[in-house]
Amino acid sequence: MAIDQVHDLQYVYRKLLHSMSRPGTISSITEPVNRMDYSIPCSEALLLTAMALLDGEVTFHIVSDEHQELIEKISEYTSAKYASIHEADFVIVLREDKEQEIRHALEQCKVGSLIDPQQSSTWLIESSVLENDGEIVLKGPGIQSEVSLQTGFPVTLWQARNQRTNEFPMGIDLIFIDQASQIACVPRTTAIAHKEVG
Amino acid sequence: MKANTHFAFFDEGSKKEIRRATLKAVAIPGYQVPFASREMPIARGWGTGGLQLTLSLIGQTDVLKVIDQGSDESVNAVSIKKLVQDTTGVQLTECTEEADIIQSRHRIPECSLTKEQILVLQVPIPEPLRAIEEREYMTKRMHAEDDYSGAWLMLFEQIMKFGKTATTADHPVSVHDRYVMAPSPIPRFDNPKMDHSEALILLGAGREKKIYAVPPYTSVKSLAFEDYPFTVESFEGAHCHLCGAVDVFLDELIDHEKGATIYQCNDSAYCIEQLNKQEKVEVESTYA
C-alpha cells in the first residue's frame, strides 16, 4: 500500500519539527514507513523524509557517486533536481558511504551567508540505531540541560561538522534516520561534546 | 458556491515550502526566514502569517485553539478558526490545556504551555529595526553584522524623553544572545514567558513574508539597560472583577454604573476556568 501524500507527510513533518526543535530527541516514523512498499537502494524512512521536504523548488546531492539509480528515484518521487555538493539544498548520506567522502562533502557543502544563513544545506543521514545514551553530549537551544545521543557518526565527521557550524548563524542542520525508522536532529546551534573514553 | 478545498486549504507544494522555512527558522533561533507568503482568503495583516503556519502544521488529530488578544471569541479568532476547521475538520477548543496548536494574536496564554504544544504567533511587523531603518536591504545587513545599536538607541531615546522605556508591546528581545527579535505585539508582561519556554514558539508575518521561531529552552532576554532594568506592566492592588485573579494580565475597563475603574482578565479562557473552579467549590460545599 502506498503512503498518503497529505496526511503521512504531515505526520513526518511534525515529527521532524519536534526533533529539530528539541535536538537529540528521537521520534519514530515507523507507522507510515510500514505502509511503504518501494524498491529503492536506501531506507524507506530516508525516502519518506525526503518526500516530506523535497519538491521541484529545491536540489539534492547524494554523497556517494555510485548511486545513479537512487538519484533517479528520488527525482521521480519528489521532482527535486540533482545538484553538485556546492549548490545542493539537501545532502543525502547512505550507510555504506565512506568516511572520507562524507568529510569531503561536509567541507564543500553550502552553509549560507551571514546575510542569508538560511541558504545552507540540510543533511539527511542514514545512521546506526539511534539511542539516547552514548558517544556525544548535546547542549544548546531546545535542550533543557543536556542530552546524549548515539548516531554512529565518527568523531572526525563531528569535528568536520563543528568546523562548518562554528560561525553561527552560518552552518548546517543534520537529520539522522536509522533502520528502525527513528529520526533525531542536530541543528547548527547545538554544541557537541564527546564523552571521555574509559 | 462553496469550493471543495484541499486538506488544510493549501496545495502540498505550498505546505512544503512553509515547512522548510519553519525548520530553518527553528535551526536559527530569532532569525527571520523569508518565505513565499501565499494569497489567503483573509486580508494580509490580519493573521495570514500565523494562519499559514497553522495550516502547514495541522493534522487530522490536532486540537486547535485560536485567540485574539486573549479572547477566543473575537472576530479575528473566530474567522481563522472557522477557516481552518472548514478545510481540515479538526477539533476546536477554548481550553488552553487541551490544545495541540495555539494560534494567537498579541498574547501568550496565562497558564504555562507544555512541550507537546506549539504556539503560533501572528506578527504584523517582524523587523525590530524597521523603526530605525526603512530599507530591508540594510536591516538584513545589520542583523548579519550583529549591529543592534539602533534598537538600543531607540530605548535610550525613550528613557531620555519619558524617564523609562516606553514600549507598550513588542518590546525587542535578544534570542540565544544573537538575534534581536520582535516578539510580536505581546505586552511586556508576556516577554518573560518566551524565555526557556517548554513549548515551541513559531512566529509568522504574512504581509512581510517572514517566519521565525523560538525553540524550547532557549534564552530570550528583553533588551534593557543595567540602570533601567526591564519591567513588566504592573497591576499592583488590582484584581479581576469577575474571578478575582491577580498576577495575570488585566484589561482596564470602566464600570458604567459607578463610573469606577475595574479590571478584568485579558485571557478569557483563563478567567472562565477560574470561575468554573470557584463554582465547583461553591456547589460542593453547599450540597455535599
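Explain nothing, just the number: dipole magnitude of the stretch B:69-118 about its Cα centre with +1 on each Lys and Arg Cβ and -1 on each Asp and Glu Cβ, in debye rounded to the nearest 20.
Once rounded to the nearest 20, the dipole reads 260 debye.
Are there chymotrypsin sites (Phe, Trp or Tyr not before Pro) in the stretch A:20-81 that DSSP puts in a loop and that have at most 14 other Cβ atoms within 10 Å, and which ones?
For chymotrypsin sites (Phe, Trp or Tyr not before Pro) across the stretch A:20-81 that sit outside H, G, I, E and B with at most 14 neighbouring Cβ atoms in 10 Å, the list reads A:38.
Quick one: plug the Kirkwood hydrodynamic radius of the protein assembly as shown (C-alpha pairs) into Stokes-Einstein at 20 °C, 1.002 mPa s, and report D in µm²/s.
D, rounded to a whole number, is 90 µm²/s.
Do any GluC sites (Glu not before Pro) in the stretch B:90-158 lie in a DSSP loop with no more than 12 other beta carbon atoms within 10 Å, and if so, which?
In loop regions of the stretch B:90-158 (DSSP not H, G, I, E or B), the sparsely surrounded GluC sites (Glu not before Pro) are B:116, B:134, B:145.
At residue A:39 and residue B:136, where each label point lies 7 Å from the Cα along Cα→Cβ, what is the point-to-point distance in nanometres?
So the two model labels end up 4.9 nm from each other.
How well do other chains shield peptide A:141-153, expressed as the mean number of their Cβ atoms within 10 Å of each residue Cβ?
3
So for each of A:154-163, B:198-207 I average, over its residues, the number of other beta carbons within 10 Å; can you give me the resulting order with the highest mean first?
B:198-207, A:154-163
On the protein heavy atoms, probe 1.4 angstrom, tell me the percent of accessible surface of chain A carried by carbon and sulfur.
46
I'd like the residues of the stretch B:1-27 whose 1.4 Å-probe accessible area shrinks by no less than 30 Å² going from the isolated chain to the full set of protein chains.
B:7, B:12, B:16, B:19, B:20, B:23, B:24, B:26, B:27
Where both residues lie in the protein assembly as shown, what percent of DSSP beta bridges are antiparallel, nearest 5?
Bridges in the protein assembly as shown that DSSP calls antiparallel: roughly 55 percent.
Before anything else, pin down the relative contact order of chain A: Cα pairs under 8 Å, at least 6 apart, normalised by residue count, whole percent.
Taking the mean separation of contacting Cα pairs over the length of chain A, I get 24 percent.
According to a simple spin-label model (label point 7 Å from Cα along Cα-to-Cβ), what is the distance in nm between residue B:253 and residue B:282?
Distance between the two pseudo-spin positions: 1.6 nm.
Note every residue of the stretch B:161-179 with a reduction of at least 30 square angstrom in accessible area, all protein chains present versus the isolated chain, computed with a 1.4 Å probe, or write none.
B:176, B:178, B:179
Run the quick spin-label model on residue A:146 and residue A:115: label points 7 Å from Cα toward the beta carbon, then report their separation in nm to one decimal.
3.9
Could you point to the residue in B:125, B:200, B:92 farthest towards the positive end of the stretch B:12-222's charge dipole, with +1 and -1 charges on the Cβ of Lys/Arg and Asp/Glu respectively?
It is B:125.
If you take each beta carbon of peptide A:6-14 and count the beta carbons of other chains within 10 angstrom, what is the mean?
Going residue by residue through A:6-14 and averaging, the value is 6.
Can you list the residues of the stretch A:123-139 with backbone N under 16 Å from a point 7 Å past the Cα of residue A:99, pointing along Cα to Cβ?
Answer for this model: A:128, A:135-136.
Using the structure shown, select from B:65/B:258; A:139/B:65; A:73/B:16; B:24/B:65; B:81/B:221 the pairs with a Cα to Cα distance greater than 28 angstrom.
The answer is B:65/B:258; A:139/B:65; B:81/B:221.
State, in square angstrom and to the nearest 100, the accessible area buried between chains A and B, both chains counted, probe radius 1.4 Å.
Counting protein atoms only, the buried area is about 3400 Å².
Please work out the FRET efficiency for the pair residue A:129 and residue B:112, using the Cβ-Cβ distance as r and a Förster radius of 25 Å; give the result to the nearest 0.05.
Efficiency computed from Cβ-Cβ geometry: 0.10.
Could you compute the longest span of chain A free of GluC sites (Glu not before Pro) located in DSSP loops and having at most 15 other Cβ atoms within 10 Å, not counting the site residues?
A:1-56
For chain B, what's the relative contact order in percent, using C-alpha pairs closer than 8 Å and at least 6 residues apart?
21
Report for chain A the percent antiparallel among DSSP-assigned beta bridges with both residues inside it, nearest 5.
Of all bridge pairs located within chain A, approximately 50 percent are antiparallel.
Let me know the charge dipole size of the stretch B:234-288 about its Cα centre in debye, to the nearest 20, where only the beta-carbon of Lys, Arg (+1) and Asp, Glu (-1) is charged.
100
With the other protein chains left in place, how much accessible area per residue, in square angstrom, belongs to chain A at a 1.4 angstrom probe?
Per residue, chain A has an accessible area of 40 Å².
For the stretch B:12-222, with all protein chains present and a 1.4 Å probe, just round the carbon and sulfur fraction of the accessible area to a whole percent.
Solvent-exposed carbon and sulfur of the stretch B:12-222 make up 52 percent of the total.
Which shape class, rounded, prolate or oblate, goes with chain B when its Cα gyration tensor gives a ≥ b ≥ c as root eigenvalues, a/c under 1.5 marks rounded, and past that a/b bigger than b/c marks prolate?
Verdict is oblate for chain B.
Of the listed pairs B:115/B:140; A:15/B:280; A:81/B:82; A:15/B:193, which have alpha-carbon separations greater than 28 Å here?
Exceeds cut-off: B:115/B:140; A:15/B:280; A:81/B:82.
Considering the options A:10, A:85, A:145, tell which one lies farthest towards the positive end of the dipole of chain A, charges being +1 on Lys and Arg and -1 on Asp and Glu at the Cβ, about the Cα centre.
With unit charges placed on the Cβ atoms, the residue in question is A:145.
Hey, can you find the accessible area per residue of the stretch B:12-222 for me, probe 1.4 Å, expressed in square angstrom?
With the other protein chains kept in place, the stretch B:12-222 gives 36 Å² per residue.
Do you know the relative contact order of the stretch B:234-288, to the nearest whole percent, from alpha carbon pairs under 8 angstrom that are 6+ apart?
About 30 percent, as a whole number.
Residues of the stretch B:234-288: accessible area per residue at 1.4 Å, in Å²?
72
Using the crude model of +1 on Lys and Arg Cβ and -1 on Asp and Glu Cβ, and no other charge, please compute the dipole size for the stretch B:12-222 relative to its Cα centre, in debye to 20.
Value, rounded to 20: 520 debye.
Please work out the FRET efficiency for the pair residue B:144 and residue B:43, using the Cβ-Cβ distance as r and a Förster radius of 35 Å; give the result to the nearest 0.05.
The pair residue B:144/residue B:43 has a calculated efficiency of 0.65.
The values are calculated or read from the model by the stated rules, or taken from the named source; none is laboratory data. As the structure is a computational prediction, the values presented were derived from the model and not from experiment. For neighbour counting, all protein chains shown are included, and Cβ atoms are generated from backbone atoms with ideal geometry for every residue, glycine included. Note: areas computed on protein heavy atoms with side chains; ligands, DNA, RNA excluded. Shrake-Rupley method; radii C 1.70, N 1.55, O 1.52, S 1.80 Å.
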